[in-house]
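The values are calculated or read from the model by the stated rules, or taken from the named source; none is laboratory data. Just so it is clear, the model here is predicted, and its values are computed rather than measured. All Cβ positions, even for glycine, are placed from backbone atoms using ideal geometry, and neighbour counts span all protein chains on display.
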Amino acid sequence: MIKINAEDHTPYDQDEDTDIKITSKKNPKFTFEDIDDVVNKVTVSVSKSKEKNADPKTIKYTKIPEGKWKNDEDDQGYNSNQIPILFQEDGEYNMTLKAETTGGLEATSNRLTLGVYAGVMAPSIAVESKDELEEVLSGTATPTFEIKNVDPHAREIHITATPGKEGNTQKSFKGVLDKNGGIKSDEHGVFEKITGGFSYKFKPVQNWEEGIYSIRVSVINKATQPSLDSSTLALIINTSKPAQPSITLSDTSNTTHPTSLQEKEKWTSSRKPTFTIDLKDNNTDNPIKKVEVEVMVTGAEGKTYIATKEGLNNWSPEINEKSNKKGTFSLNVKNELTFTPDDEWKKGEYSLSVKTYNSVDQPSDVSKTEVVNVNDDQPDQPKIELAYADQTGKEIDASNTNITNNPNPGFAISNINLERDSIDKDAVTITITKESKSIIPGAKVTYENGGFSYNTTNFHNKHGDGEYTATVRVTNKAGIPSDSTGFRFEIDTTAPNPPEIDWTSGSFVTMTNPTDKGVLKTVATREEDFVVEVKTDTEIDAPRYITATLNQKVPLPLPVKKEEKEGKNIWKFTFKQNFSTGKNGLSVEVKDKAGNKNTAQGDFMVLEELPAPKIDMNHNTNAAGQTSTPYMINKVNMVQNEKRKLNISLDDNTLFPYVEMKAELISAESSGSSYELSIKKNPDTNWTVEIPGKQADGKYRLKVIATDVLKRTQETEVDFVVDTTPPNIPEIELVDESENGKSFVGNASNLTLTYNSPQFKITFDEEDMDSVNIKLENSEGKPIQIKSLTEQEISAGEYIYKTDSLNNTADYILTVTATDKAGNQSPTKKQNFNINTTDLQDVDILLYDKDKTGDKGSNFTKNKNPTLIFRTKEENINKIVIYQKPQSVSADNVMIAELKSDGSFQKNEDQRWKIPENIFNKEGKYIISARPYKGKKQGPKTEIAIDFYQNAPEVKDIQLNAASKSTFDESGIYTNEPTPGFLITVPDGDEHRVWKMQVLVIKQSTENPLETINITENIFPANRPNSVNTQKP
């Protein structure tokens, strides 16, 4: 039998197949054993088991002595039963042993099947559906691998995954194959046989961390021979999906207008707009490889555009079932991906979104939608005109809509449909030019209440009158503009010159020099066909440019152009007169083509019929009454200019300014002689005619003639009398009732009565007398009694007036006036009197201070005729009688003076009187007394004692007093007292008039004064010697 060396028998599973020997060596060692002794030759045959017709390889052995075998092809192989063989190829081989005896007998051993599997094919590994690359990116944490080129005799597959990060543990996976090709996975991964070959799939059970892995695979065949490792597969695990991209309309295609609209809307005028895509391609390990743009079209089928990245910067569009449109994808200068559709987009709304795919086809979240409106239609052409209110020219001519007199005109803008033409309300602008110079460049207009307008401000101040062109531009939201036709308009703010109403022609009469200020000097005639002529500038060239109204409400018919004269058009208005009397107004207005207007207006008078003038005799002095006749002018009025004037008026004051008056004075006593009086026109709608101040008394007639501006006349006559001789002043005389014990004091003009009910005799002129009035008033002017004499009492020429019982101590005034029939009044006669029935008070008598030449507290004087002051204590004292009391007590007082007053002495008022020089005829004391009188009524006496001395008192003797005399000397002139006292005596009778004494002490040896002693009080008390004490030692 043939036996393989145990070391060279290397089956993967000893128990799996005992019919075949497995080796992993090319030259395994064999021996043949159990050969009978009779056998002398052995032949070993080796052939491939599956090559039936192939010649086997034989190795022959010959038995040599000593029972040893020798290989016939090996001269040196003695006694060797080893079978040397080198298998060039792997495979299964059949080995047999044929033994031959010397007798030619043959025997063949059982066949030994040998599997030689020395060479093992190295497998390869790749990620499923990926080419076999050195580096592969996986988007899953459990990628599926494909293991190819697995040796047919492999029994184990080994996979290692070595992480690229340090510190990460290597992953190992093993799959065990059975003899039928089935494979069993371990707990870390799942192996699966791929039908139709020697390929397998593998997928790890657990997720791999993200990162790079080095993947290798190897196999072990059934002879336990390992293969070489496969080429290394660099695997990158990156499971992150791409960041959410964004897509926006690029600036080059974004024509949204106005730009402020871009915050909420985006528009483009391009049919092939360009978009910018932000890939957010920040993952270098797993970059973006594909872009998918989804476009939803409002009201139409959507579009999908896909592009795949090829190379570094190239993107190729795809057309497939999913991508139905083709677009251009490229990188711009900012390295941003741009997308432009190759097909043209129609007008409408497009909603775009983008999605990206990374290298492992992992999709991103869909981007936010970018809504874009495509519109390449031009909006309708807008229209512009002056605002309706500023079309001031159309008031005259309806076609005049392009001229205005508004210095800051407004404009109406129309034919703009915001919704249909997709226009934003802020996308309408206006440009105004003057003489090809832009003065308002593209100003935004106003949108309000569904319409557009534009109002200028401070326009005329900056640019003035003239012609302008306004253009409106509307720009739709896609930025496509549409301009209006240039609108030419004119600003004319200059008013025409005012018209001139000719007040001197036609049916007007105008006063050249009216005497009244502010009076309407123009008067309308009474013509039935009334004519007014007006002058205007020549630019007022048609009747429609001139209108006239009466009194602001009655329009006049259109005028007729009369002529052109001196650069003026002259227009003539003719109409039937239908005026109201009084003030009427005429207003003429002219307008130019721009509606600028100017007016002229004036007022004129329409006069009533002229009435007869009225002569106002308000100053009629007829005592019978103001309206009594004959009209009279008395002396009082005659000496007063105003009273001598007669007012002339008209019943219609409106005629006053338009009337002239003339006055004629006719004498009724001088054979009808007459002369014209001056007449004055007053500001208060009347005239004044003045009767001459020296007009003689007598009877007259006044004739007044009125003539108005229309030469119409009226006249009036009135008779009057001039009487300027006043009556004589009445006389008042107190009725003397002294015989009845009723006394009075004072003169006739100022009486004090000592009884209560006096009587007065009043005399006056009785001829041509109208009235005599008597009035009694108190001192406050309050009437006590009023008496008007009757006609019979007046005819007597005198009247005894008796008062009622009057109050005591009160003042009264009796007045009498007489008035003649012409109203001449006599001067008023007054009689003042006082009623006082009480006893009189005494009078104070004072020696005038300046005459008190000694002690001011005594009435001593050295003046021979000093002044005395008499002061009454009540009113109406009219006499003070002064007496001297003789030095003989038994003699009567002698009246030496009488003080009288024309009226009466005032209460508490000083009355001064000098004592005559013959009164003080020697020194001594004098007694003067006074008694007051009120009429015959006398008051009590008052006395004053006055000492009159003109020589000073003498010192009779001065000696030491008893206490100061020295006891050692009897002469009485020595003293031992340091402050001796003295006794001073004056002649008898002088003690009372000494009021001040001065004692001077002089040192005889030096003649220096030692002390001066002044004594003013208690001098010579009780007529004794006055004691004086010295004070200085």
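Looking only at region 547-574, how many residues end up being touching a Leu at 6+ places or on another chain (Cβ under 8 Å) and either surrounded by fewer than 17 Cβ atoms within 10 Å (Cβ to Cβ) or among the aliphatic types (A, V, I, L, M) (or both)?
Of the residues in that region, 4 qualify.
Being over 18 Å from residue 989 (Cβ atoms) and over 60 Å from the mean Cα position of the chain (by Cα): is that true of residue 917 here?
Yes; evaluated as a whole, the condition is true for this residue.
So that you can scan it fast, the table gives a plain yes or no per residue for (1) hydrophobic (A, V, I, L, M, F, W, C); (2) in contact with a helix residue (DSSP H, G or I) (Cβ under 8 Å, 6 or more places away or on another chain):
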site: 492; (1), (2): no, no
site: 495; (1), (2): yes, no
site: 499; (1), (2): no, no
site: 504; (1), (2): no, no
site: 514; (1), (2): no, yes
site: 541; (1), (2): no, no
site: 554; (1), (2): yes, no
site: 562; (1), (2): no, no
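Would you point out the residue of region 408-450, among those that are touching a His at 6+ places or on another chain (Cβ under 7 Å) and surrounded by fewer than 17 Cβ atoms within 10 Å (Cβ to Cβ), that is nearest to residue 373 (Cα to Cα)?
439
Among the numbered conditions (1) within 30 Å of residue 865 (Cα to Cα); (2) without any contact (Cβ under 8 Å) to a residue 40 or more places away in the chain, tell me where residue 977 comes up short.
Unmet condition: (1).
If a residue must be closer than 18 Å to residue 303 by Cβ and loosely packed, with under 15 Cβ neighbours inside 10 Å, how many such residues does region 350-365 contain?
1
If you check residue 938 against the conditions, is it more than 60 Å from the chain's Cα centre (by Cα), under 30 Å from residue 876 (Cα atoms) and of a type in the set (S, T, N, Q)?
yes
Got at least one residue in region 686-701 being charged (D, E, K, R), in contact with a Lys or Arg (Cβ under 7 Å, 6 or more places away or on another chain) and surrounded by 15 or more Cβ atoms within 10 Å (Cβ to Cβ)?
Checked region 686-701: at least one residue is charged (D, E, K, R), in contact with a Lys or Arg (Cβ under 7 Å, 6 or more places away or on another chain) and surrounded by 15 or more Cβ atoms within 10 Å (Cβ to Cβ).
Report, by residue number, each residue of region 507-520 that is touching a residue at least 40 places away in the same chain (Cβ under 8 Å) and surrounded by 15 or more Cβ atoms within 10 Å (Cβ to Cβ).
507, 508, 509, 511, 514, 516, 520 - these are the residues of region 507-520 that are touching a residue at least 40 places away in the same chain (Cβ under 8 Å) and surrounded by 15 or more Cβ atoms within 10 Å (Cβ to Cβ).
Working only within region 195-210, note down all residues that are in a loop (DSSP other than H, G, I, E, B) and more than 18 Å from residue 149 (Cα to Cα).
Matches in region 195-210: 205, 206, 207, 208, 209, 210.
Please pick out the residue among 272, 280 that is at positive phi, surrounded by 14 or more Cβ atoms within 10 Å (Cβ to Cβ) and in a loop (DSSP other than H, G, I, E, B). First the steps, then the outcome.
Values: 272 fails: at positive phi.
The match here is 280.
Going through region 207-231 one residue at a time, which ones are over 25 Å from residue 10 (Cα atoms), in contact with a Lys or Arg (Cβ under 9 Å, 6 or more places away or on another chain) and surrounded by fewer than 20 Cβ atoms within 10 Å (Cβ to Cβ)?
208, 209, 211, 212, 231
From 489, 530, 459, which residue is buried (at least 17 other Cβ atoms within 10 Å of the Cβ) and out of contact with any strand residue (DSSP E or B) (no Cβ under 7 Å at 6 or more places or on another chain)?
Residue meeting the stated conditions: 459.
For region 776-809, name all the residues that are more than 18 Å from residue 728 (Cα to Cα), part of a strand (DSSP E or B) and not polar (S, T, N, Q).
Let us first name the residues in region 776-809 that are more than 18 Å from residue 728 (Cα to Cα), namely 776-787, 790, 792, 800-809.
From what is left, the residues that are part of a strand (DSSP E or B) are 776-778, 783-787, 800-802.
Once the filter is applied, which keeps residues that are more than 18 Å from residue 728 (Cα to Cα), part of a strand (DSSP E or B) and not polar (S, T, N, Q), region 776-809 yields 776, 777, 783, 784, 786, 787, 800, 801, 802.
Output the residues belonging to region 768-825 that are of a type in the set (Asp, Glu), touching a residue at least 12 places away in the same chain (Cβ under 8 Å), more than 18 Å from residue 625 (Cβ to Cβ) and out of contact with any Lys or Arg (no Cβ under 9 Å at 6 or more places or on another chain).
Once the filter is applied, which keeps residues that are of a type in the set (Asp, Glu), touching a residue at least 12 places away in the same chain (Cβ under 8 Å), more than 18 Å from residue 625 (Cβ to Cβ) and out of contact with any Lys or Arg (no Cβ under 9 Å at 6 or more places or on another chain), region 768-825 yields 777, 793, 804, 811.
Say we look at region 309-329 and pick out the residues that are surrounded by 15 or more Cβ atoms within 10 Å (Cβ to Cβ) and hydroxyl-bearing (Ser, Thr, Tyr); which of these is farthest from residue 372 (Cα to Cα)?
Out of the qualifying residues, it is 323.
Considering region 830-839 alone, what residues qualify as being surrounded by 19 or more Cβ atoms within 10 Å (Cβ to Cβ) and closer than 30 Å to residue 634 by Cα?
Selection gives 831 alone.
Are any residues in region 339-349 in contact with a Gly (Cβ under 7 Å, 6 or more places away or on another chain) and surrounded by fewer than 19 Cβ atoms within 10 Å (Cβ to Cβ), and if so, which ones?
Once the filter is applied, which keeps residues that are in contact with a Gly (Cβ under 7 Å, 6 or more places away or on another chain) and surrounded by fewer than 19 Cβ atoms within 10 Å (Cβ to Cβ), region 339-349 yields 340, 342, 348.
Evaluate region 736-743: report whether one residue or more is modelled with pLDDT under 90, crowded, with 17+ Cβ neighbours inside 10 Å, of a type in the set (Lys, Arg) and over 30 Å from residue 652 (Cβ atoms).
Keep residues of region 736-743 that are modelled with pLDDT under 90, which gives 736-743.
Keeping just the survivors that are crowded, with 17+ Cβ neighbours inside 10 Å gives 742.
Checking which are of a type in the set (Lys, Arg) leaves us with 742.
Right, trim to over 30 Å from residue 652 (Cβ atoms) and you get 742.
Yes: one or more hits.
Within region 165-221, can you find the residues that are modelled with pLDDT of 90 or more and among the basic types (Lys, Arg)?
171, 174, 184, 193, 201, 203, 216
Restricting to region 106-126, name every residue that is in contact (Cβ under 8 Å) with a residue 12 or more places away in the chain and more than 27 Å from residue 17 (Cα to Cα).
Within region 106-126, 124, 125, 126 qualify.
Among the residues in region 133-143, are any in contact with a Pro (Cβ under 7 Å, 6 or more places away or on another chain), under 25 Å from residue 213 (Cα atoms), in contact (Cβ under 8 Å) with a residue 12 or more places away in the chain and not in a strand (DSSP E or B)?
Yes: one or more hits.
Which ones in region 176-194 are in a strand (DSSP E or B) and either among the small types (Gly, Ala, Ser) or farther than 25 Å from residue 14 by Cα (or both)?
Going through region 176-194, the residues in a strand (DSSP E or B) turn out to be 176-177, 183-185, 189-194.
Listed by number, the residues that qualify are 185, 189, 190, 192, 194.
Just to confirm my filter: which strands (runs of 3 or more DSSP E) fall fully inside region 831-943 and include at least 1 residues that are of a type in the set (Val, Ile, Thr)?
Of the strands (runs of 3 or more DSSP E) lying wholly inside region 831-943, those with at least 1 residues that are of a type in the set (Val, Ile, Thr) span 844-847, 867-871, 877-885, 894-905, 924-934.
Could you pull out every one of the strands (runs of 3 or more DSSP E) wholly within region 540-650 that has 1 or more residues that are over 30 Å from residue 720 (Cα atoms) and in contact (Cβ under 8 Å) with a residue 40 or more places away in the chain?
Here the list reads 546-550, 568-576, 582-591, 597-606.
Please go through region 947-973 and give me each residue that is surrounded by 14 or more Cβ atoms within 10 Å (Cβ to Cβ) and in contact with a Leu (Cβ under 7 Å, 6 or more places away or on another chain), ordered by number.
Within region 947-973, 959, 961 meet the criteria.
Looking for something in a loop (DSSP other than H, G, I, E, B) and outside the structural domain of residue 908 (by TED's automatic domain parsing) - is there at least one such residue anywhere in region 810-820?
Kept after step one, since they are in a loop (DSSP other than H, G, I, E, B), are these residues of region 810-820: none.
No, region 810-820 has no match at all.
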